[in-house]
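Engineer: Sharing a structure below in C-alpha cells format, with a few things to ask.
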Amino acid sequence: MPRIKKGKKPRDIGKGTNSLIMRKHKICLKWNDNYKEYLENVGLYGVHQIGYILSDKALVSALVERWKPTTHTFYFPVGEMTITLEDVAMLMGLPIEGEPVCEETRANIIENPDWPTLIEAYLGCEVDEQTFRRRCKTEIRIRWMKENFGTCPEGADDETVKCHARAYMLMLLGSVLFTSRSGDSISVVYLPFLIDLEAKRKYSWGSAVLACMYKELCQACNEPTRQIAGPILLLQLWSWAHFRVGRPQVREGEPEPKLRVQEGEEEERRPVGYLWSGRHEFTKNTARNLVNYRDIMDQLRQEEVYWRPYETHWPDVPAVCTMDENLWMTTSPLIHLQTVETYNPGRVMRQFGKYQEFPPEPTAPIVSFGCIGRHNARSAARRKREDYLDYWRRRREFVIVEERLYDPTRYDAYIRWLKSGAQLHLQSPAQWSVGVTPINKLQYLPTEPITRLVSNKIMEMAENTVEKMNGELADGESMKAYMLDMLRGCSDVLGWIGVNIGANPTFDPLRMEQQENQME
C-alpha cells in the first residue's frame, strides 16, 4: 500500500459528490501513415487506433472508491473484480510478452542518460530553454513538442520520419498511458525504449501499463489530493466492457464502430477498445454523476456483469491482442520504472471463466517477500527490485493452471465469505429513509440504500412469520394459510425489487407447498 503523508487522512469512501481531478492530454501531433510500421514494431499501434476518448470523471471516481490497495481488486456486491493482463491486451492491443519497462532494462541501452543529448540524437531537434518543464529535466513541455513535431514534413527522409514517429509515440505514452500530474508536459524517460524501431515488441508495455494503473488507483483512494493520472483510458474501457454503467452512445449519423474492416486490399483490425472510439458522445443529464454511479454499482447483480466480454471478438482483433494469452494468469509481480505491484488473477478467476477458490491461494511473490510496495531506484531498493525482475523473467513458471470451469453453484457461499471481511455496499441504509426528497430537481436521489432498507424489513417480516408458524399458532389451519399468504407476499415483493431469494431457508414452507401441489 502507498504510504499516507503524516498529518493527512485517506479521503472518505462512499461520501461526497465531487469527482476526482484527472490528468490527461489530447494527442496534439498529426498522424502520418509512415509511422504505422514503427508503432506496430514497438507495440503501440493499438493505442493509436483507439484515439482520443472523453473522460467520465464521475465513473472513474466511483470505481476508485471500490478499489482495495491490499488486494488490487474492486469490491462490488457481485464479488471481486480487477483489471487483468487480458483486459490490457484485448482492450488496447498492448504486448504482454517482453522485457519489463524499468530502469534496469533502460540501463542496458544507456547507463546514465543525458536527456538533452538523447533528445537531439533521437528526436533530431535541438533543446532550448522552452524544452523542459521548469526545474524538471525529465519532462518535456507539450507546447514544445507541438511546435517541433506537429506535422511530419512531406517527402521527409527515413531518419526524419523515425524522429517524428518517436515523438508521436512519446506523446502516446505521456498523454494516454503514463500521464503525469503536471498537466502541461510529458515524460522523456521512455525515449531510450524507442531507440530501436526495428525490433518487434521487445518490451512488455501491457504489464507496465497495468502496474501504473494499480499504482494510480492505490494513490487516488488513499491520498486527499483527489487527483488521478496514469492510464485513465484503460480504466474507462475496462468499466464499459464489463458493465453498462455510463457507456457512451454513438453520435447520431455515425456508423457503429467495427473491429475488422477491409480497406482496399488490406484488412485493418483493431483492439476491442476501438468500440468506444471518438464517434461516441456523453449525454448530458443529471444521472451522470458520482452519486448515481455509486448507487448503480451498489445494486449490481451478477447477471448484469459481462464476465467474459471478449469471447465474441477473438476472430476480429489483431494478433497482438491474443498472442500472449498464456501469460494472462501469471502471478509474477508487474514492473514499471521504479514501481512494483502485485498481480492477483487468482482472486478473480470468474473473469477468466475458471473455478474460483476462496479464500484464494496466495501468490508466490507474496509468500516470498510479503506485501510488495513501491520502491525508489537507489541502493537496497534497487537490489530488492532485482528479485522482482527475476520473477518476471520466470513469469511462465507462475502461471495459474486451472482446468475446472467456473461453478455457479458456489456463488452464494463465495459472497458470504467475501461479505465476512469486506464492505460490498458503500452507502448505508441508515443514511437514507423512504421519505427523503431531493434538495432540488437536479439532485439525484439514490435508490439502493432504500431498496436495501425495504428488503431487510421484508426479510424480517418473513422470518417472524415462519417463527409464528412453528410456534403456538401452528395448529390453526386458517392461521397457517394466512401466514403462507404473508410469506408469499414477502417473496413476491422481494422479486419485484430484484432481490434473489435463492435457496434461503426462510422460504422453505413455500417450496414445500409448491411440491405438495405438484404431487396432487
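The values are calculated or read from the model by the stated rules, or taken from the named source; none is laboratory data. Model, not experiment: these values are computed from the prediction. Cβ atoms come from the backbone with ideal geometry, glycine included; neighbour counts cover every protein chain shown. With ligands, DNA and RNA removed, areas are computed over all heavy atoms of the protein, side chains included. Shrake-Rupley method; radii C 1.70, N 1.55, O 1.52, S 1.80 Å.
Engineer: Yes or no: the range 146-161 includes at least one residue that is farther than 12 Å from N32 by Cα, among the charged types (D, E, K, R), in a loop (DSSP other than H, G, I, E, B) and over 33 Å from the mean Cα position of the chain (by Cα).
Structural biologist: There is at least one residue in the range 146-161 that is farther than 12 Å from N32 by Cα, among the charged types (D, E, K, R), in a loop (DSSP other than H, G, I, E, B) and over 33 Å from the mean Cα position of the chain (by Cα).
Engineer: Restricting to the range 54-85, what's the tally of residues that are β-branched (V, I, T) and open to solvent by 10 Å² or more (accessible area, probe 1.4 Å)?
Structural biologist: Of the residues in that region, 2 qualify.
Engineer: Right, here's the next one. Exactly one condition in (1) within 24 Å of R23 (Cα to Cα); (2) touching a residue at least 40 places away in the same chain (Cβ under 8 Å) is false for T151; which is it?
Structural biologist: If we test T151 against (1) within 24 Å of R23 (Cα to Cα); (2) touching a residue at least 40 places away in the same chain (Cβ under 8 Å), just (1) comes out false.
Engineer: Which one is least open to solvent (accessible area, probe 1.4 Å) among residues in the range 163-202 that are of a type in the set (K, R) and under 18 Å from I109 (Cα atoms)?
Structural biologist: The extreme case among them is R166.
Engineer: Within the range 29-44, restricting attention to residues that are in a helix (DSSP H, G or I) and touching a Cys at 6+ places or on another chain (Cβ under 9 Å), which residue is surrounded by the fewest Cβ atoms within 10 Å (Cβ to Cβ)?
Structural biologist: Kept after step one, since they are in a helix (DSSP H, G or I), are these residues of the range 29-44: 33-42.
If we keep only those that are touching a Cys at 6+ places or on another chain (Cβ under 9 Å) as well, we get 34-35.
Working: N34: 15, Y35: 23.
If we take residues in the range 29-44 being in a helix (DSSP H, G or I) and touching a Cys at 6+ places or on another chain (Cβ under 9 Å), then N34 is surrounded by the fewest Cβ atoms within 10 Å (Cβ to Cβ).
Engineer: Looking at (1) in contact with a strand residue (DSSP E or B) (Cβ under 8 Å, 6 or more places away or on another chain); (2) over 30 Å from E304 (Cβ atoms); (3) open to solvent by 20 Å² or more (accessible area, probe 1.4 Å), find the lone condition where K26 falls short.
Structural biologist: (1)
Engineer: Please verify whether the range 202-218 includes one or more residues that are farther than 25 Å from E99 by Cβ, part of a helix (DSSP H, G or I) and touching a strand residue (DSSP E or B) at 6+ places or on another chain (Cβ under 7 Å).
Structural biologist: No, there is no match, as no residue in the range 202-218 is farther than 25 Å from E99 by Cβ, part of a helix (DSSP H, G or I) and touching a strand residue (DSSP E or B) at 6+ places or on another chain (Cβ under 7 Å).
Engineer: Within the range 464-514, can you find the residues that are modelled with pLDDT of 75 or more and open to solvent by 80 Å² or more (accessible area, probe 1.4 Å)?
Structural biologist: Within the range 464-514, D485, P505, M512, Q514 meet the criteria.
Engineer: Moving on. Consider V434 against the criteria (1) at pLDDT 75 or above; (2) assigned to a loop (DSSP other than H, G, I, E, B); (3) open to solvent by 50 Å² or more (accessible area, probe 1.4 Å); (4) not polar (S, T, N, Q): it satisfies all of them except one. Which criterion is unmet?
Structural biologist: All conditions pass for V434, except number (1).
Engineer: Among the residues of the range 235-263, write down those that are assigned to a loop (DSSP other than H, G, I, E, B), in contact with a strand residue (DSSP E or B) (Cβ under 7 Å, 6 or more places away or on another chain) and not acidic (D, E).
Structural biologist: If the condition is that a residue be assigned to a loop (DSSP other than H, G, I, E, B), in contact with a strand residue (DSSP E or B) (Cβ under 7 Å, 6 or more places away or on another chain) and not acidic (D, E), then P248, R251, L259 are the ones that fit.
Engineer: So, one more: Could you pull out the residue among A211, A220 that is crowded, with 19+ Cβ neighbours inside 10 Å, out of contact with any Cys (no Cβ under 7 Å at 6 or more places or on another chain) and either within 14 Å of V88 (Cβ to Cβ) or among the basic types (K, R) (or both)?
Structural biologist: A211
Engineer: Turning to a different aspect of this structure: I'd like the residue in the range 238-247 that is surrounded by 13 or more Cβ atoms within 10 Å (Cβ to Cβ) and out of contact with any Ser or Thr (no Cβ under 8 Å at 6 or more places or on another chain) and, out of all such residues, is farthest from Q351 (Cα to Cα).
Structural biologist: R247
Engineer: Return the pair list, or none, for Cβ contacts closer than 7 Å from residues in the range 106-117 that are within 21 Å of D128 (Cα to Cα) to residues that are open to solvent by 50 Å² or more (accessible area, probe 1.4 Å), at least 6 apart or on different chains.
Structural biologist: As it stands, the answer is W115/K137, since those pairs meet every condition given.
Engineer: Would you point out which residue out of E97, E86 is modelled with pLDDT of 95 or more, farther than 21 Å from S277 by Cα and acidic (D, E)?
Structural biologist: On the way: E86 fails: farther than 21 Å from S277 by Cα.
Among E97, E86, only E97 is modelled with pLDDT of 95 or more, farther than 21 Å from S277 by Cα and acidic (D, E).
Engineer: Restricting attention to the range 261-282, and to residues there that are open to solvent by 60 Å² or more (accessible area, probe 1.4 Å) and at negative phi, which single residue is modelled with the highest pLDDT?
Structural biologist: R269
Engineer: Oh, and also: Pull out all pairs, ordered by first then second residue, where Cβ-Cβ is under 7 Å, the residues are six or more apart or on different chains, the first lies in the range 247-276 and is closer than 18 Å to G46 by Cα, and the second is aromatic (F, W, Y) and surrounded by 10 or more Cβ atoms within 10 Å (Cβ to Cβ).
Structural biologist: P257/Y274; L259/Y274; V272/Y310; W276/W240
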